[in-house]
Each structure stands twice: as C-alpha cells, then as structure tokens.
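So the structure is just underneath, and the comments pick up after that.
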C-alpha cells in the first residue's frame, strides 16, 4: 500500500517538474587534433588517461584533461599497417591485468608480405607508461581478407570471463558473394572468442559453441556468426550484454545483442528482411533488437550503454550513431519491454566510433576531434543560465538505493546541502563549507534508510558578491 501511494506521489511530482533535456556535443580536447581517429578507450589502470587509435597505425595517449595541450605517441606501427578505406589500425583492447603485466592488443590489416590480412597482436608497454615497445609484437591470430572492405576491427575483453572477443566482417565486396558469414569453416562474418591467457598464442574457451567439434574444418574460435560488417561493439558493464552495430547492405542497418552460438542471419537476411535466401535453412536466425532503413541513415556506428554520471538522462540507454547522416540516437532496451529510440542530435562531424573513459563517461569520435555530451536543462522549473546557482532534480527518481544530486556554483561560495526526511528530521549532509565555482555532482545512498519521501535543501552564499541561493527538491526512495 505504501509503495503504491509513493508511486502515485511520484507520478504527480514528475508531472509538475518534467524536463525536456537537450544535448550538444562539445569538443572534449579543443587543443588537440588527430589524423583519422577511429577509436577511444582507457587502460583501466587508475591513471585516467585517454588513448586514441589513428587508422594509419598510431595510438596517441594523454591525460583526461580538457585543457591538455599535446598528446604523446604511445605506439607507432604504421610501418606494418595497410591503411586507407576500411583498412588500417582498427581496434585496441587493454588486458584486464594491464596495470601489472603491461599487455595490450590491437587489430590491424597488415601490409607485410603483400597479402591483405587481419592480424590480432599483443604488445607491451615499456618502463615509460606513455610509450609501448613496437618491437614487442606477439602475433595472436592472422587470417586473410579476400577484399579491401568489411574488416570489422573491434576487439574487447569480456567483463565477466576475461576472454578476448573479436569482431570480423564477411570479407568484403558486396552481398557476401562467397557466403562466408554463414559458413563455420571460416572466421569471416563472425564474433570470435579466444582465451589469450590459457595457451600460446591462445586457447579455445570450453564454452564456445564448437569447442568440442571433431571436424577439423570447423573454426572453434567462433562465438556467434551471420554478421556482415560489425562496426563497433561494446559490453555493458552492468548487464554483461554484448552489443554490435552491424552495417547493412543496401536497405537496413541493425543493432544486434550478441549471444553465444547464435546465427544473426546475414546474408540470408538484412535486418529483419530477406536478402538472399538461397540455401538458407538454418533452424533459428536471430533478428536485431533494432533496425533502421536507409531513408534514415546508411552506415551504423555502434556505441555503448551509458553508465556514467555526468548525463543522468542517458543512464542505461544504448547510444549509437549513423556515420553517413551524423545522427546520434539513444536506444532504450531492457530485453522485456519493446525497445524505443530517441534522436538526440545531429553531430557536426561523421561519428567514426564511440569510446568511454575510466569513469564510463561517453565520447563521440570524429576523424579529427573528440566530443563529449553536454546536457542543456530546459525545464520550466529550472530555467537558469549557466552562470546561475542551480540545484537540479536528482536522477534517477524514484531511486534504489543511490541517486545523483547535481548543482552549480557561478562563484566561489559557502555551500550547505543536507538531506531531510518528510518530517523535517536531518538525515545526512552532502556538503558543508567552501567550494570553488563550477558544476558538481554527488551520489547519495539511502541504503540504511526507510522508503519514503526525502528533501534535499541547498543554501549557498557567494564569497565575492551579495548573491545568495536557497532551494529544496523532493526525491523518493523505493526499496
């Protein structure tokens, strides 16, 4: 009964304070430019550094600071990378124990020997944490590419199993003329999964669908198949789900939720639609969780489920884009209710990729610049200029057990933010004392408190002017 009453209160509350959030993309590192950037990531080593992959064969590194003036070359293997078009240095993944072993892995098309091939290699950092040893290359996996396009290129470690996952395109040309994506005797058109710690150069995870096959022609590295050109995949660190943006042929782009042993239909199907069904008698093809037609866009760039704190309106949504039209969307998907898609904005640059930093904040990669989301609050309840004091509505609301409280100080101020229960009893103190001007966010947990309505009260007084500020917001904790 109490839960139902609180829910009714919540419905009335959001009706009065609903916002129409808008977003802009801000140059995250305005003093830096890049040459054909195709990926952004971090080393998960507590240094909060940003690593940028340049298609020609270089990896740049720099502190995660918007005022940074220059970057360093972490690795340069342009002497062995065949770049241009859809080829080049395409993927980067740091070993889960990189902080101790210094290992990282790359995916590139090779220029050595005159053959067009994909190579997955391991490198190692030197005693200088901002410099890797280009001569430390240890080749993990090499396979031929019959054409110059559809190389895939993403690699990443599974958050729960520590295996290395590799996204591979169907080999190129158009329409998959050799039907590689449907054949399990080739690595093309697949998501692969290997154990780089279990053997030399790797071992086959025992959970792979063909791990026990006695057919020597079957590729045991296969995790899932039936992909055309998976351009950017990602794991959701909360659910463990693996998302893939698979570039379409002539009519449809798709987002797939990759599961072990599943066949995603290409070239039999493009999205939900038949493409070339000759010989297509597999018992179960898996359809995408979302698709869009070429009237909307024509080259998907797969993204990430947002798990940061700076843009709470996007929390839990899968953010992706279309390279051709520059549109950026947020897909709401929970595996139960029908998915819904929201157009966020149209980027100024073609999105080649997305990336996340150590704090799971999301970046959009352009060939020459890196961008981050900046929300613009436009609610009737909180229409304030950036140079105003501001206490924003907490998010999420209702919450269980944690919520984010965001506020802005236009000047250096004495600030007090406290939490009260519905009877006015003080429950907790968020901040009290001096703070410099700027935007802040705090996470508050009600884990040890009872369900109910709580109040957040903020008082602030400028240290350089006569400005004062006081505001109270309501929030609801539902266990």
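Values quoted throughout were computed directly from the atomic coordinates according to the rules given, and no laboratory measurement underlies them. Please read these numbers as outputs of a predicted model, since none were measured by experiment. Reconstructed Cβ throughout: ideal geometry from the backbone, glycine too, with neighbour counts over all protein chains shown.
Given the choices (i) 0.99; (ii) 1.06; (iii) 1.01, Rg/Rh (Cα atoms, Kirkwood Rh) derived from the coordinates of this structure is entry (iii).
A crude spin-label estimate for the pair residue 197 and residue 315, with each label 7 Å from Cα along the Cβ direction, gives 3.1 nm.
Here the gap between residue 349 and residue 149, fully extended at 0.36 nm per residue and compared with their Cα-Cα distance, gives a gain of 69.8 nm. Against the empirical curve 2.2 N^0.38 Å, the C-alpha radius of gyration of the stretch 390-477 lands at a ratio of 1.08. Once the chain from residue 447 to residue 44 is taken as fully extended at 0.36 nm per residue, the excess over their C-alpha distance is 142.3 nm. Peptide packing: for 349-355, 265-271, the average count of neighbouring Cβ atoms within 10 Å per residue gives the ranking 265-271, 349-355, highest mean first. Annotation: extensible slack from residue 423 through residue 27 equals 138.0 nm (criterion: 0.36 nm per residue apart, minus Cα-Cα distance). Look at the alpha carbon pairs under 8 Å that are at least 6 residues apart: their mean separation over the length of the chain gives a relative contact order of 12 percent.
The simple Förster model, with R0 at 22 Å and r as the Cβ-Cβ distance, assigns residue 238 and residue 99 a FRET efficiency of 0.50.
On the basis of the beta-carbon distance and an R0 of 25 Å, residue 173 and residue 142 show a calculated FRET efficiency of 0.75. With a cut-off of 11 Å, note down the residues of the stretch 257-281 whose backbone N falls inside the zone around a label point 7 Å from the Cα of residue 214 toward its beta carbon. Backbone N within reach: none found. For residue 332 and residue 368, what does the FRET efficiency come to when R0 = 22 Å and r is the distance between their Cβ atoms, rounded to the nearest 0.05? With a Förster radius of 22 Å, E is 0.10. Semi-axes of the equivalent ellipsoid of the stretch 181-323 are 27, 22, 11 Å, computed as sqrt(5λ) over the eigenvalues of the C-alpha gyration tensor in descending order. Peptides 389-399, 280-290, 42-52, 228-238, ordered by how many other C-beta atoms sit within 10 Å of their residues on average, highest first, read 228-238, 389-399, 42-52, 280-290.
Take the Kirkwood radius over Cα pairs of the stretch 160-229, plug it into Stokes-Einstein at 25 °C and 0.890 mPa s, and you get 197 µm²/s for translational diffusion. As a rough guide to protection, the peptides 164-173, 413-422 ranked by mean Cβ packing within 10 Å, highest first, stand as 164-173, 413-422. The helix-based estimate of mean residue ellipticity at 222 nm for the chain, built from -39,500 (n - 2.57) per DSSP H run of four or more residues and divided by its residue count, is -1000 deg cm²/dmol to the nearest 500.
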